[in-house]
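Following: one structure in structure tokens, then a few remarks.
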Amino acid sequence: MKAKASKTTSINIGIGAGEREKIAKGLSALLADSYTLYLMTHNFHWNVTGPQFNSLHLMFMAQYTEQWNALDIIAERIRALGHPAPGTYKEFVKLASIKEVEGVPKADDMVRHLVAAQEATARTARELFPLVEKANDQPTADVLTQRLDVHEKTAWMLRSLLED
């Protein structure tokens, strides 16, 4: 017995295939940066030491928990646009603008790394806005606005720890 070929329903949401592909590509870079930031923050949560241990340990936990939840939102938006979301370390390393931190830095250096990674993730999100606005893609714009708010605020809070 011959199996029926599966038929994919075409996507007609008012955004052309080419625009959806470009937006999905940009969102994939945001997902890669977000996952790399999540992993860095969780790593630092596990490994922070020193006089600021308790406050940083708790702060990092709140941050990585928020980041974990955001990963699904970004990946599901990519899927809604009709494209597969990247989901392997190999893909994330290739797509991310954030580089992994080797070893276990001191607490203040952890904070510096996280400021840089939060800002990099914000830049990745912001770079996508012109394309999203041109495509009249409000759901993606909403995701980007929410992510920018979180990353900019978190970077500010982390920078505040480094001031005298």
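Gly103 passes every criterion in (1) on the phi > 0 side of the Ramachandran plot; (2) part of a helix (DSSP H, G or I) apart from (2). Within the stretch 46-94, if we keep just the residues that are charged (D, E, K, R) and in contact (Cβ under 8 Å) with a residue 24 or more places away in the chain, the residue that is nearest to Asp109 (Cα to Cα) turns out to be Glu66. When both residues are 6+ apart or on different chains and their Cβ atoms are under 6 Å apart, which pairs have a first residue that lies in the stretch 116-128 and is more than 17 Å from Thr140 (Cβ to Cβ), and a second that is β-branched (Val, Ile, Thr) and at pLDDT 95 or above? Cβ pairs passing all conditions: Ala117/Ile98; Gln118/Thr154; Ala120/Ile98. Taking the stretch 46-82 as the range and being in a helix (DSSP H, G or I), farther than 19 Å from Ala155 by Cβ and of a type in the set (S, T, N, Q) as the test, the residues that pass are Asn47, Asn54. Of the candidates Ser55, Ser97, the single residue that is at pLDDT 95 or above, surrounded by fewer than 14 Cβ atoms within 10 Å (Cβ to Cβ) and not aromatic (Phe, Trp, Tyr) is Ser55. Can you name every residue in the stretch 127-144 that is surrounded by 15 or more Cβ atoms within 10 Å (Cβ to Cβ) and part of a helix (DSSP H, G or I)? Listed by number, the residues that qualify are Phe129, Leu131, Val132, Thr140, Ala141, Val143, Leu144.
The values are calculated or read from the model by the stated rules, or taken from the named source; none is laboratory data. Being a predicted model, the structure only gives us computed values, none of them experimental. FYI the Cβ positions are ideal-geometry reconstructions off the backbone, even for glycines, and counts take in every protein chain you see.
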